[in-house]
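What follows is one structure encoded as structure tokens, with my remarks underneath.
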Amino acid sequence: MSLSSLSALRTEIFHYIDAHQSDFIENLKEWVAVESDSVQPDLRKEVIRMMSLAAARLAALGATVNSLLNGQHLPLPPVILGELGKDPQNLTICFYGHVDVQPAKKEDGWKTDPFTLTEINGNLYGRGATDNKGPVLAWINAVGTFRALKRAMPVNFKFVIEGMEEAGSLGLEKLLEEEKQGFFSDVDYIVISDNLWLSKKKPALIYGTRGNACFCVEVEGGDKDLHSGTFGGIIHEPLTDLIALLDSLVDPTGHIQIPGIYDAVAVLTDEEKKLYESIEYDIEEHKNNSGVKKLLYSTKEEILLHLWRYPSLSIHGIEGAFHEPGIKTVIPAKVIGKFSIRQVPNMDLSDVHQRVVDHLENVFAKRNSPNKLKVSMPLGAQPWVADVNDPLYKAAKRAIKTVFGEDPDFIRDGSTIPIARIFQTITQKRVIMFPIGAADDGEHSQNEKISRFNYIEGTKVFAAFFLEIAKLRGQSHETSNPGTNN
Ligand SMILES: [Zn+2]
């Protein structure tokens, strides 16, 4: 397609989307009205009803829809696999989204009924508006616009829509494993739009998330709690041992003290460092949200680097220690410290585990304590990172520039969001996190919203993205291996 006909097509599409704003908002209203809360079992039937609404909407686009049930005992909602277009000349994008929501009640402090989409000052309030019904519909409406205008589909579409995301995506991983040679075999790119921008105004693309390794360190003395009047001063106290162990983990500057723990951390390149300069981020606001007086770092770059691409260690609690108000002169017999390390590329979980065990055993040995030490890692999730120079990211960046008139921030997330990692590892496809919601959308909280602007411009940005992906046709899209860059 020539440049001028492409821009004419884009204009026509954007015009159509603008002209159909109220229809698109109506669609969202219909979806928000379903209390598809996957957390509370008694609402499971609503999730299942929501899945059939989503399946029907895909079918209305002309997509082939397969609702895969899994889980024989629990009434799990199906995962929808949709497919639209099979042109071998086209690239295939698979969109992932979820239509279940977090619980919400008016009494929790909502200004409006959480299940009645309500527009106030350009914001559309309702549970699921931004997480994730709005973005799923924006994508569907973008596809539908090509249909409505009787335009050829620029790409082949696949859809994975689930209804158990807020309850830990039960069964999804297994389904991806089963379908990697089937449904996913001809997919080129996977798009997840289930996050937010870092800013209220500036668009962003997300290319990484930290992993998490959770540890328990247990120190056991005798088989019962003791009285400090009877035994204080003559025994090695488990809690004293544990506090020394916990204290050895991280220094006052936030630096992790476990030998070799930073060895595998990917080196910060100049190119990567540059990405941080233009990011729109309000340190004061983040600080105020935390309620603390001072952060460990003072510049935006240092703060974001330490949130996203360096590991951190947090101590969460001590099980078995006396924690109620008042005084109790007890010597607890067994205490368990809980801490976790948010790990980053290229830290390896088993290596982290081993280093933590070695370090704690070493510190413990120096104490000459007769108590029993046990270190375990009950939970470990890998970090995820994608290559921002991949054509997929460049296409998304151009689409954002077209619609919003500025380049996106390339951001990561300091928390652990397994979905991108799972898709990338299992399917071995390129994955992008392409949010359309703003930083203040309040996912999971009271008064969740998406603005009309973000919802409608988000629909446009997806449509523009399809056209950008179509331009990649014929280019070598096998250049980078998603498995090797993290
Ligand atoms: Zn979500």
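The values are calculated or read from the model by the stated rules, or taken from the named source; none is laboratory data. Keep in mind that this is a model prediction, so the values were computed, not measured. With ideal geometry, Cβ positions are generated from the backbone for all residues, glycine too; neighbour counts draw on all protein chains shown.
Quick look at the values:
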{"quantity": "Region 366-405, subset small (Gly, Ala, Ser) and surrounded by fewer than 16 Cβ atoms within 10 Å (Cβ to Cβ), residue farthest from Cys214 (Cα to Cα)", "calculated": "Gly405"}
{"quantity": "Condition check for Gly168: without any contact (Cβ under 8 Å) to a residue 40 or more places away in the chain and within 16 Å of the ligand (Cβ to nearest atom)", "calculated": "yes"}
{"quantity": "Test: residue in region 282-294 that is surrounded by 10 or more Cβ atoms within 10 Å (Cβ to Cβ) and under 20 Å from the mean Cα position of the chain (by Cα)", "calculated": "yes"}
{"quantity": "Subset of region 208-241 (residues that are touching a helix residue (DSSP H, G or I) at 6+ places or on another chain (Cβ under 9 Å), under 30 Å from Pro311 (Cβ atoms) and away from the ligand (no atom under 16 Å from the Cβ))", "calculated": "Gly208, Arg210, Gly211, Ala213, Phe215, Val217, Glu218, Val219, Glu220, Asp241"}
{"quantity": "Region 181-196, residues that are under 15 Å from Ile417 (Cα atoms) and among the hydrophobic types (A, V, I, L, M, F, W, C)", "calculated": "Val191, Ile192, Leu196"}
{"quantity": "Test: residue in region 56-67 that is among the aliphatic types (A, V, I, L, M), over 18 Å from Asp186 (Cβ atoms) and within 16 Å of the ligand (Cβ to nearest atom)", "calculated": "no"}
{"quantity": "Pair list, Cβ < 8 Å and 6+ apart or interchain, from region 428-455 residues that are within 15 Å of the ligand (Cβ to nearest atom) to residues that are assigned to a helix (DSSP H, G or I) and of a type in the set (Asp, Glu)", "calculated": "Ile436/Glu457"}
{"quantity": "Hits in region 314-336 - residues which are β-branched (Val, Ile, Thr) and loosely packed, with under 11 Cβ neighbours inside 10 Å", "calculated": "Ile327"}
{"quantity": "Output for region 446-470, where each listed residue is hydroxyl-bearing (Ser, Thr, Tyr) and surrounded by fewer than 24 Cβ atoms within 10 Å (Cβ to Cβ)", "calculated": "Ser451"}
{"quantity": "Of the criteria (1) surrounded by fewer than 21 Cβ atoms within 10 Å (Cβ to Cβ); (2) modelled with pLDDT of 95 or more; (3) touching a strand residue (DSSP E or B) at 6+ places or on another chain (Cβ under 8 Å), which one Leu43 fails", "calculated": "(2)"}
{"quantity": "Qualifying residues in region 278-310 (those that are in a helix (DSSP H, G or I) and basic (Lys, Arg)) - the one nearest to Val385 (Cα to Cα)", "calculated": "Lys300"}
{"quantity": "Candidates Gly233, Gly260, Gly221, Gly229, filtered to the one that is out of contact with any Phe, Trp or Tyr (no Cβ under 8 Å at 6 or more places or on another chain) and without any contact (Cβ under 8 Å) to a residue 12 or more places away in the chain", "calculated": "Gly233"}
{"quantity": "Condition check for Ser52: over 27 Å from the mean Cα position of the chain (by Cα) and either over 23 Å from Phe157 (Cβ atoms) or among the polar types (S, T, N, Q) (or both)", "calculated": "no"}
{"quantity": "Residue identified as within 16 Å of the ligand (Cβ to nearest atom) and among the aliphatic types (A, V, I, L, M) among Leu205, Leu117, Leu196", "calculated": "Leu196"}
{"quantity": "Test: residue in region 25-39 that is at pLDDT below 95 and of a type in the set (Lys, Arg)", "calculated": "no"}
{"quantity": "Residue in region 27-40 that is over 25 Å from the mean Cα position of the chain (by Cα), assigned by TED's automatic domain parsing to the domain that holds Lys401, within 23 Å of Phe404 (Cβ to Cβ) and surrounded by fewer than 16 Cβ atoms within 10 Å (Cβ to Cβ) present", "calculated": "no"}
